[in-house]
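These notes are about the structure you will find just below.
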Ligand code: COA
């Protein structure tokens, strides 16, 4: 069994981080396999949505592997941080939506991994934290940057400086996750959300994702210009012809475009 398993079910690609005895902690082998899994699914034109999850019931990912952090030189630690960031950037830059399905612990690098995904949904038993300052470290796989952008500076600093775990309900309240379900329902509800996205126009889903992601890096006026350009582009697509015609003809659209 590999430390990262990839499964393909029709148009859904599932990535499972598989080190349950270490609560799926991210060591360098996991990072390497995670990188190749993302690249493979990204290049597979039949895949429309990617789900990322941890093996076992106890943990999504309980952090970067602390055993690999001990005794690093400053240069080695900086390179390690850049390495984790580059894998997570690949996820964030994916043209296919990536859903983090969070069961149990999402701590440190696990929370940062979820932050790099486009959508986060959690089970009621999920516990999320950036506990690095309790280890004498700071988040190094994007947490100081992405958490503040997602939930605002005050709430992000509360989490980062206290290092406290928060519940799924609190994560929902602050917008760190967007849906919470009983643990037994998480997998089914994750699939339901993935199927719903897969039923939409793949071309439109991909451009909407791009518009939101790119826009966050731009001043509002530039972001609006970007949105208008992408709107122009999508308006000429076969999916836009089909989607609008289907509405007017009072039928379900039959989107043919599969590539994202
Ligand atoms: N890195 C390396 N190993 C980890 C790990 C991590 N981030 N998180 C858990 N593990 C390992 C434990 O060392 C233990 O291994 P062992 O059985 O060989 O001793 C195994 O996973 C099970 O964890 P354990 O601590 O026994 O489970 P628990 O239910 O008592 O506690 C946690 C769960 C999540 C509270 C606890 O494991 C923990 O605090 N982990 C570290 C969380 C963290 O600080 N993450 C940020 C890292 S930057």
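Here are the numbers for this structure:
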read-out: So residue 166, is it modelled with pLDDT of 95 or more and either away from the ligand (no atom under 15 Å from the Cβ) or closer than 23 Å to residue 79 by Cβ (or both); value: no
read-out: Complete set of residues in the stretch 212-225 that are closer than 19 Å to residue 97 by Cβ and assigned to a helix (DSSP H, G or I); value: 212, 213, 214, 215
read-out: Near pairs, Cβ below 6 angstrom, 6+ apart or cross-chain, from the stretch 59-72 (under 10 Å from residue 26 (Cβ atoms)) to any residue that is assigned to a loop (DSSP other than H, G, I, E, B) and near the ligand (Cβ under 7 Å from one of its atoms); value: 62/23; 62/25; 63/25; 63/108; 64/108; 65/25
read-out: Lone qualifier among 217, 150 - being more than 16 Å from the ligand (Cβ to nearest atom) and at pLDDT 95 or above; value: 150
read-out: Looking only at the stretch 36-65, and only at residues there that are out of contact with any strand residue (DSSP E or B) (no Cβ under 9 Å at 6 or more places or on another chain) and away from the ligand (no atom under 16 Å from the Cβ), the one that is nearest to residue 194 (Cα to Cα); value: 45
read-out: Exclusive hit being exposed (fewer than 14 other Cβ atoms within 10 Å of the Cβ), within 16 Å of the ligand (Cβ to nearest atom) and either at pLDDT 95 or above or closer than 18 Å to residue 97 by Cβ (or both), set 28, 18, 24; value: 28
read-out: Identity of the residue in the stretch 161-174, touching a residue at least 24 places away in the same chain (Cβ under 8 Å) and part of a helix (DSSP H, G or I), that ends up nearest to residue 112 (Cα to Cα); value: 171
read-out: Search result, residues across the stretch 141-160 that are part of a loop (DSSP other than H, G, I, E, B) and buried (at least 16 other Cβ atoms within 10 Å of the Cβ); value: 141, 142
read-out: Test for residue 10: is it within 26 Å of residue 184 (Cβ to Cβ) and either buried (at least 21 other Cβ atoms within 10 Å of the Cβ) or not assigned by TED's automatic domain parsing to the domain that holds residue 90 (or both); value: no
read-out: Residue in the stretch 126-140 that is farthest from the chain's Cα centre (by Cα), counting only those that are surrounded by fewer than 17 Cβ atoms within 10 Å (Cβ to Cβ) and more than 8 Å from the ligand (Cβ to nearest atom); value: 136
read-out: Elements of type strands (runs of 3 or more DSSP E) in the stretch 40-120, at least 2 residues being under 10 Å from the mean Cα position of the chain (by Cα) and surrounded by 21 or more Cβ atoms within 10 Å (Cβ to Cβ); value: 49-54, 98-102
read-out: Criterion violated by residue 213 - all others in (1) crowded, with 16+ Cβ neighbours inside 10 Å; (2) touching a residue at least 24 places away in the same chain (Cβ under 8 Å); (3) farther than 24 Å from residue 253 by Cα satisfied; value: (1)
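Here's the yes/no breakdown for (1) farther than 30 Å from residue 47 by Cβ; (2) touching a strand residue (DSSP E or B) at 6+ places or on another chain (Cβ under 8 Å); (3) assigned by TED's automatic domain parsing to the domain that holds residue 187:
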{"site": "97", "(1), (2), (3)": "no, yes, yes"}
{"site": "114", "(1), (2), (3)": "no, yes, yes"}
{"site": "119", "(1), (2), (3)": "no, yes, yes"}
{"site": "141", "(1), (2), (3)": "no, yes, yes"}
{"site": "145", "(1), (2), (3)": "no, no, yes"}
{"site": "169", "(1), (2), (3)": "yes, yes, yes"}
{"site": "177", "(1), (2), (3)": "no, yes, yes"}
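The values are calculated or read from the model by the stated rules, or taken from the named source; none is laboratory data. Not measured: the values here are computed from a predicted model. Don't worry about glycine lacking a Cβ; one is built from the backbone with ideal geometry, like all the others, and counts go over all protein chains shown.
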